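Right, one structure below, let's go through it.
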Amino acid sequence: MSNIERAAGFLEQRFGNRAEVAIVLGSGWADAADLFGTTLDEVAYSDIPGFRNSDIVGHAHKARLIQLENNQLLIAFIGRTHLYEGFGVDAVVFGVKVLANLGIKNLILTNACGGLNPVWKPGTPVLISDHINFTGTTPLQGANFLDVTEVYSKRLRNICKSIKPDLEEGVYVGFMGPAYETPAEIEMVRRWGATLVGMSTVLEAMAAREAQMEVLGISLVTNLAAGMSGEPLSHAEVIEAGKNATKMMGTLLAEVMKEITNES
Ligand code: 8IG
């Protein structure tokens, strides 16, 4: 049995296999999860066989079973592994593969990121319409010529826009990090057509598509990309924007997940 099967078996015993939707919440997003519905069960990643133990003190890395207001079930993964942590691409996509193994059909990937569109003030949610994988790696192995013409489901994006019509879309470029970009790098990706810049999501989205899940990507723009504001990038600014947007994002995502599970 693989580590993925072991982890999925463990979670199936704890959570059952009735959830049709799952969400991955980046660091700083734990509070939004409290607004999704009723927590039925919760388990630390460190108690799930095969999951990489979180070594970041104060980061609540845990899987939660939540009952939405329409009684449908959601699995929320609170906290993710980033490529820059150095555990490799398998660790980055492990959780997504476990969710696929559990039979999850719809996956929501959230992140905080930098924005290249000056009208997106910190705290603006943006749908990911497409991505540029600039991490230099891939979760796919061998001659697996995966079709990636629609990584981020048009159907799920339309559900979001039916709930919040002023939502805009952006193209997310995934860097390996952990440094933010130089202004020259931002100018480069601007010319490539990117409007969102971050250090996560793209590899997870590819692994999810390989497993035939439908993917929704939502970024919270927490800072203008490097060189755009005239100020250095500050982690404090990122945290502050995230805190202020918790209620808006939690409410929006709760509505979106209810709609997704009503349709499927
Ligand atoms: I929050 O400006 C956040 N994450 N690469 N660049 C990259 N990642 C980010 C940024 C950013 N802001």
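The values are calculated or read from the model by the stated rules, or taken from the named source; none is laboratory data. Keep in mind the model is a prediction, meaning the values are calculated, not measured. FYI the Cβ positions are ideal-geometry reconstructions off the backbone, even for glycines, and counts take in every protein chain you see. Quick note on the areas: whole protein, heavy atoms, side chains included, nothing else; ligands and nucleic acids left out. Shrake-Rupley method; radii C 1.70, N 1.55, O 1.52, S 1.80 Å.
Things worth noting here:
- Only protein atoms count toward the accessible area here, which uses a 1.4 Å probe; on the chain, the carbon and sulfur part of that area reaches 50 percent.
- Among 100-113, 241-254, the order from most to least packed when residues are scored by Cβ within 10 Å on average: 100-113, 241-254
- Simple spin-label estimate for F134 and Q212 in nanometres, 7 Å along Cα-Cβ: 3.4 nm
- Values of log10 I(q)/I(0) for segment 202-255 across q = 0.18, 0.19 Å⁻¹ run -0.80, -0.84, by the Debye formula with one identical scatterer at each alpha carbon and no solvent.
- Of the residues Q212, Q13, Q67, the one that moves most in a GNM of the chain with alpha-carbon contacts below 10 Å is Q13.
- 5 angstrom amide H check on S200, placed H, neighbours 5+ away: F175
- Close Lys pairs in the chain, defined as Cα atoms under 19 Å apart and 8 or more places apart or on different chains, number 14.
- Rounded to the nearest Hz, the phi-derived 3J(HN,Hα) couplings of segment 65-75 under the Karplus curve 6.51 cos²θ - 1.76 cosθ + 1.60 (θ = phi - 60°) are 9, 10, 9, 6, 4, 8, 6, 6, 9, 10, 9, where x marks glycine and proline.
- With the simple spin-label model, which puts each label point 7 Å out from Cα in the Cβ direction, the E259 to S2 separation comes to 3.4 nm.
- Stretched out straight at 0.36 nm per residue, the stretch from R190 to A236 would grow longer than its current Cα-Cα span by 14.1 nm.
- Between Q13 and A179, the C-beta separation translates, for a Förster distance of 41 Å, into a calculated FRET efficiency of about 0.50.
- In a DSSP loop and with at most 14 other Cβ atoms within 10 Å, the chymotrypsin sites (Phe, Trp or Tyr not before Pro) in segment 128-157 are F145.
- Relative to the longest principal axis of the Cα atoms of the chain, the long axis of helix 88-101 makes an angle of roughly 50 degrees.
- Mean-square fluctuations from a GNM of the chain, with a 10 angstrom spring cutoff on Cα atoms, peak among A91, A22, A208 at A91.
- Per-q log10 I(q)/I(0), the chain, q = 0.07, 0.08, 0.15 Å⁻¹ (Debye; single scatterer per alpha-carbon; no solvent): -0.22, -0.29, -1.09
- Additional length obtainable on full extension of the chain from I163 to K247, 0.36 nm per residue less Cα span: 28.7 nm
- Using θ = phi - 60° and Karplus 6.51 cos²θ - 1.76 cosθ + 1.60, couplings along segment 206-220 (whole Hz; Gly, Pro as x): 5, 5, 5, 5, 4, 8, 6, 7, 8, 10, 10, x, 10, 9, 9
- The chain: relative contact order in percent, alpha carbon pairs under 8 Å with at least 6 residues between: 27 percent
- The chain, accessible area per residue, ligands and nucleic acids excluded (1.4 Å, Å²): 45 Å²
- Among N117, N133, N144: highest mean-square fluctuation, GNM of the chain, C-alpha pairs under 10 Å: N144
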